[in-house]
Amino acid sequence: MSKLSDETKKKLRSRTKLIYAGRQPHEQFGFVNTPIYRGSTVLAATVAELSSSAGAGLQFTGSPYRRDGQPPRYIYGTKGNPTVEALQTAWTDLSGAAGTVLTPSGLAAITVAFLAVVKAGDHILVTDSVYRPTRVMCEGVLKRLGVETTYYDPALGADIKSLMRPNTSVIFAESPGSQTFEIQDIPALAEVAHAHGACLMLDNTWATPLFFPPHERGVDIAIEAGTKYLGGHSDLLLGLTSANEKYWKRLRDTFDAFGICAGSEDVFLALRGLRTMELRLKEAEKQGLAMAQWFKARAEVAQVLHPALPECPGHALWKRDFTGSSGLFSVVLNPASEGAIAAMLDGLELFGMGYSWGGFESLVIPFDAKSYRSATVWKPVGPALRFQIGFEDVLDLQDDLARGFERLRSAS
Ligand SMILES: Cc1ncc(COP(=O)(O)O)c(C=O)c1O
């Protein structure tokens, strides 16, 4: 089998790309996968080689980490090894980025993105629908470092320009919001951000680059919690932060300064997940839609918040900009007491209750966005539940939920 030519590589469709991205069997004694490299120390053969890798003259010319014009070279464990480099290269290709860094969690991927761009005295705009720990970071660490946050309505689009200030350095979007599922107009946000010299960041975990190519749509720095769909098996923690040409050097320098590198075992598992990510995402989409339609027909349900359903806020934008939907969505129930919700959820046999998603198994959590929203009002008619739909038979999931709804009714 011959090596892929650059010409062929450029033309590959995403499914084929996932099979080849970051793999170099001819450099691994012919073995199909890059093994787990563990290690801190990397030995140099000569004084000249040691001093050439000591820092001076290092240039980040994209992913993988290279010295200008040289083949990949390893210096120290925090800066990368062949396992890490394989995933960085694959993600960079898949995302259409200039480079990617890997962090020990999705939250760390968000941290490194912010710290690569903001400085004391800056103002940033963050969507009101953002993942809660991102908000905690803005209100804690970033505030302490002298960065002021304003939250914006995720429906704003180009009107966000009214919130821009001369010192606004970042617009941070999450589309859809991972509890309330508003889709944002990313190209419009990109236009405003760039006209003001600001950086557009996007938490793209729900769609992944397969359903939303972030950099092609104008995003400068994209974040993926690899813990979710990339891993796909609820057995690893990982973050990926990719950047375009403009922001890549700053991102890589900041990552190197912190030394928050991902563990090789988790990276290896993520590489394994990568090969089947499109198959799993497409199945998650099918399963999620089947369940969303089932919820729509239930009398206990007031609203289904799923971007692929026309009634979901931002559906038209989803249709315009996305090529698919994943298996995470929310449902607003008709009014019910806390006790009735507990009776429904406590007795479920096929849905775990846990704060994650993207694995092979189904999950549910109740949530209330009212307590932390500040730019918009979250006023559902009843309690809200977020569902992660796994790969079980949907008929079994529906049977389990139907029994749950019976418990809800009897406890009401
Ligand atoms: C939208 C979103 N972004 C980022 C993260 C953080 O990922 P991790 O759990 O790997 O820190 C999560 C985790 O739930 C998430 O839902």
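Among the residues of segment 216-247, how many are away from the ligand (no atom under 16 Å from the Cβ) and open to solvent by less than 10 Å² (accessible area, probe 1.4 Å)?
Count: 3.
P104 is checked against (1) touching a Cys at 6+ places or on another chain (Cβ under 8 Å); (2) buried (at least 19 other Cβ atoms within 10 Å of the Cβ) and fails just one. What number does that condition carry?
All conditions pass for P104, except number (2).
Tell me whether segment 343-355 contains one or more residues that are within 17 Å of A302 (Cα to Cα) and of a type in the set (A, V, I, L, M, F, W, C).
Among the residues of segment 343-355, at least one is within 17 Å of A302 (Cα to Cα) and of a type in the set (A, V, I, L, M, F, W, C), which makes the answer yes.
Say whether the condition of being closer than 29 Å to S162 by Cα and either in a loop (DSSP other than H, G, I, E, B) or assigned by TED's automatic domain parsing to the domain that holds D185 (or both) is met by at least one residue in segment 329-336.
Within segment 329-336 (the criterion being closer than 29 Å to S162 by Cα and either in a loop (DSSP other than H, G, I, E, B) or assigned by TED's automatic domain parsing to the domain that holds D185 (or both)), the answer is no, since none of the residues qualifies.
Condition check ((1) within 15 Å of E406 (Cβ to Cβ); (2) within 16 Å of the ligand (Cβ to nearest atom); (3) surrounded by fewer than 16 Cβ atoms within 10 Å (Cβ to Cβ)) across all residues:
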position	(1), (2), (3)
V332	no, no, no
A340	yes, no, no
F360	no, no, yes
V364	no, yes, no
S374	no, no, yes
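Could you tell me which numbered condition S264 fails, if it satisfies all but one of (1) touching a His at 6+ places or on another chain (Cβ under 7 Å); (2) small (G, A, S); (3) open to solvent by 10 Å² or more (accessible area, probe 1.4 Å)?
Result: S264 fails condition (1) only.
Looking at L348, is it within 15 Å of R386 (Cα to Cα) and either touching a Gly at 6+ places or on another chain (Cβ under 6 Å) or exposed (fewer than 15 other Cβ atoms within 10 Å of the Cβ) (or both)?
In short, yes.
Considering only segment 360-412, state which residues are in a loop (DSSP other than H, G, I, E, B), closer than 16 Å to A290 by Cβ and of a type in the set (S, T, N, Q).
S362
Restricting to segment 167-197, count the residues that are open to solvent by 10 Å² or more (accessible area, probe 1.4 Å) and either polar (S, T, N, Q) or within 16 Å of the ligand (Cβ to nearest atom) (or both).
Residues in segment 167-197 being open to solvent by 10 Å² or more (accessible area, probe 1.4 Å) and either polar (S, T, N, Q) or within 16 Å of the ligand (Cβ to nearest atom) (or both): 5 in total.
Given the condition away from the ligand (no atom under 15 Å from the Cβ), assigned by TED's automatic domain parsing to the domain that holds S95 and open to solvent by less than 10 Å² (accessible area, probe 1.4 Å), answer yes or no: does some residue in segment 203-215 qualify?
So far as segment 203-215 goes, no, none of its residues is away from the ligand (no atom under 15 Å from the Cβ), assigned by TED's automatic domain parsing to the domain that holds S95 and open to solvent by less than 10 Å² (accessible area, probe 1.4 Å).
The values are calculated or read from the model by the stated rules, or taken from the named source; none is laboratory data. This is a predicted model, so every value here is computed, not measured. In this analysis, Cβ positions are derived from the backbone assuming ideal geometry, glycine residues included, and neighbour counts consider all displayed protein chains. What goes into the accessible areas is simple: the full protein's heavy atoms, side chains included, and nothing from ligands, DNA or RNA. Shrake-Rupley method; radii C 1.70, N 1.55, O 1.52, S 1.80 Å.
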